[in-house]
Amino acid sequence: MKNTRKHFPVLSQYIYANTASAGLLSDDLMEWRQEHDLDYLIGGSNFRNNVAMKTVSETRETVANFFGAKKENTSLVQNFSLGLNMLLEGLDRKHKVLLIKDDYPSVNWSFEYRGFEVSYVELNENLEENILDTIRKDDISILALSLVQWTDGFKINMNFLTKVKSEFPNLKIIADGTQFCGTEDFDFESSPIDVLGASAYKWLLSGYGNGFMLFKDGVEEVFNVRVIGFNASRHDLGARDRIPFANHFEPGHLDTLTFGSLKFSLEYLNTLGKQAIEGQLKILSTKAQQELGQLGLLSKVIVGKEEHSTIFNIKGDDALFKNLTENGVICSQRGEGIRFSFHFYNTEEDINEVVKILRTAI
């Protein structure tokens, strides 16, 4: 994976530990985007007419193939937040919802703002047990959560979700995959998740303005989505009343630059190999968990967790954050601490450098 570093110019200047905030653009993607806009400049509507439908269709197919979903159940959306809000406009308010307290605001707010009856579980070492207990006790019909928590990188165990789905087959699981998609080899159709949405500007390295929603067969029986537009009909004037469920999430024109960027990045990740990426991230996760844990900077929930992401939140104030920044480490302040997030273009040497700075500063 070290050979990938040359594709990301930022890495020659900084230790980039901030993919959970924004994934990097590669120089190859930049070149593709420049060529795209040059073709648009020269061709105008001819370019749009000749390229638009083909690019969007191919992107949708690429997303479906990359994540093991059905193309007809795959929607392209500008971001996860928009996709979830469109989905929930079609959900009856009688449903009882289970959320993780302090999950990503776009997940929790979308339910809370609409007045659903909501139960919460704390994010702690008893999370899985508490989820099961609450579903049993409160007659929950919708479980919505981020597969990787945005503040500290807590990763939801997929085998646990399978267990939940086995005990409660009618439960609908809605997952935010923004901090998850692109970090491991994942097959949506064989997973216990009913709806998976993600913005693609983080771990999928696709830039802003593109994302997707994946649906299982039968989801349309629960969500009566009313969003509509001419593009949803695939420009068929006679198709207004027979638009497939997934198409409703694409009511208007889709930008070939942003969604073409998604297609380009997924193809790039395919060349690296999803299993190779997953393997590299496991190495980085283990390394960071061990080193940061030895410094006493991680919560007990993360220190003892067998399967964790590459996102870590350490104890640290403004002064420590400034020290890291002045030493060329790009990271984020989240919650009451400092968040590091490492992708495949990072190395164990990057982690060693971060730890070295921390040892001198704490």
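The values are calculated or read from the model by the stated rules, or taken from the named source; none is laboratory data. This one's a predicted model, so the numbers in the text were calculated from it and none came from an experiment. A quick note on method: Cβ atoms are made from the backbone with ideal geometry, for glycine too, and the neighbour counts reach across all protein chains shown. Remember, those area values only see protein heavy atoms, side chains included, never the ligands or the DNA or RNA. Shrake-Rupley method; radii C 1.70, N 1.55, O 1.52, S 1.80 Å.
Please pull out the direction-averaged projected area of the stretch 267-333, using the convex hull of its alpha-carbon atoms, in nm² to one decimal place.
Over every viewing direction, the Cα hull of the stretch 267-333 projects on average to 5.8 nm².
Suppose every Lys and Arg Cβ carries +1 and every Asp and Glu Cβ carries -1, with no other charges. What dipole size does the chain come out with about its Cα centre, to the nearest 20 debye?
Using only the charged Cβ atoms, the result is roughly 140 debye.
Here is the link list: 6/356; 165/263; 305/356. Which ones come out longer than 27 Å on Cα distance?
Distance filter (> 27 Å) returns 165/263.
Using label points projected 7 Å from each Cα along Cα→Cβ, tell me how many nm separate residue 226 and residue 315, to one decimal.
5.1 nm
How large are Rg and Dmax for the stretch 186-234 when calculated on the C-alpha trace, in angstrom?
13.4, 34
Using every alpha carbon pair in the stretch 248-362, what percent of pairs falls into each 10 Å bin from 0 up to the bin containing the largest distance?
Calculated over all Cα pairs of the stretch 248-362, the distribution is 12, 36, 25, 19, 7, 0 percent.
Once the cut-off is 18 Å, how many percent of the Cα-Cα pairs in the stretch 315-362 end up in the long-distance tail?
I get 23 percent for the Cα pairs in the stretch 315-362 exceeding 18 Å.
Taking every Cα atom in the stretch 55-104, find the radius of gyration and the maximum pairwise distance Dmax, and write them in Å.
14.2, 40
Tell me, what ³J(HN,Hα) does each residue in the stretch 107-122 have, in order and in whole Hz, if you take phi through Karplus 6.51 cos²θ - 1.76 cosθ + 1.60 with θ = phi - 60° and put x for Gly and Pro?
With the stated coefficients, the stretch 107-122 comes to 6, 5, 4, 4, 7, 4, 5, 8, x, 5, 6, 10, 10, 10, 10, 6 Hz.
If we sort 306-317, 125-136, 38-49 on the protection proxy, mean other Cβ atoms within 10 Å, highest first, what's the order?
Final packing ranking: 306-317, 125-136, 38-49.
With 34 Å as the cut-off, how large is the P(r) tail for the chain, expressed as percent of Cα-Cα pairs?
In whole percent, the share of Cα-Cα pairs in the chain beyond 34 Å is 29.
How long are the semi-axes of the ellipsoid equivalent to the stretch 1-84, from square roots of 5 times the Cα gyration tensor eigenvalues, in whole Å, largest first?
So the three semi-axes of the stretch 1-84 are 27, 21, 13 Å.
At q = 0.14, 0.22, 0.24, 0.27 Å⁻¹, work out log10 I(q)/I(0) for the stretch 179-260 with the Debye formula, treating every Cα as an identical point scatterer and leaving solvent out; two decimals please.
For the stretch 179-260 at q = 0.14, 0.22, 0.24, 0.27 Å⁻¹, log10 I(q)/I(0) is -0.59, -1.14, -1.19, -1.25.
Just to check I understand the Karplus step: with θ = phi - 60° and J = 6.51 cos²θ - 1.76 cosθ + 1.60, what whole-Hz values come out for the stretch 41-55, glycine and proline as x?
Result, ordered by residue: 4, 7, x, x, 5, 4, 4, 4, 5, 7, 10, 4, 4, 5, 4 Hz.
Can you pull the one-decimal nm distance between simple spin-label points at residue 10 and residue 336, each 7 Å off the Cα toward Cβ?
Placing both labels 7 Å beyond Cα along the Cβ direction yields 2.9 nm.
Where the eigenvalues come from the Cα gyration tensor of the stretch 22-170, what are the semi-axes √(5λ) of the equivalent ellipsoid, largest first, in whole Å?
Sorted largest first and rounded, they come to 38, 18, 15 Å.
Residue by residue through the stretch 229-238, which ³J(HN,Hα) values in whole Hz follow from phi under the Karplus form 6.51 cos²θ - 1.76 cosθ + 1.60 (θ = phi - 60°), with glycine and proline marked x?
Whole-Hz 3J(HN,Hα) from phi for the stretch 229-238: x, 4, 5, 4, 7, 6, 6, 10, 4, x.
Can you give the charge dipole size of the stretch 288-362 about its Cα centre, rounded to the nearest 20 debye, using +1 on the beta carbon of Lys and Arg and -1 on the beta carbon of Asp and Glu? Mind dumping the intermediate values first?
Numbers: 8 positive and 11 negative charges, 50 e Å.
The calculation lands at about 240 debye.
So for 339, 114, what's the accessible-area order with a 1.4 Å probe, most first?
Working: 339 5, 114 45 Å².
Largest accessible area first, the residues go 114, 339.
Amide H to amide H, which residues 5 or more places from residue 334 or on other chains are under 5 Å from it, using H placed in the peptide plane?
The list, which skips near neighbours in sequence, is 339.
Among 231, 357, 47, flag the residue with its Cα farthest along the positive direction of the charge dipole of the chain, charges on Cβ as +1 for Lys/Arg and -1 for Asp/Glu.
47
Please compute the modelled spin-label separation between residue 51 and residue 326, points set 7 Å along Cα→Cβ, answer in nm with one decimal.
The modelled label-to-label distance comes out at 4.7 nm.
Taking a ≥ b ≥ c as the square roots of the eigenvalues of the Cα gyration tensor of the stretch 120-194, is the shape rounded (a/c under 1.5), prolate (a/b larger than b/c) or oblate? Mind dumping the intermediate values first?
Values: a/c = 1.97, a/b = 1.23, b/c = 1.60.
Judged from the Cα gyration tensor, the stretch 120-194 comes out oblate (a/c at least 1.5, b/c at or above a/b).
What is the dipole size for the stretch 18-88, taken about its Cα centre, with +1 at each Lys and Arg Cβ and -1 at each Asp and Glu Cβ, in debye to the nearest 20?
It comes to approximately 400 debye.
Over the Cα atoms of the stretch 240-290, compute the convex hull volume and normalise it per residue, giving Å³.
Spread over its residues, the Cα hull of the stretch 240-290 gives 139 Å³ apiece.
Excluding residues fewer than 8 places away in the same chain, name every one of the aspartates and glutamates whose C-alpha is closer than 17 Å to that of residue 322.
Straight-distance partners of residue 322: 336, 353.
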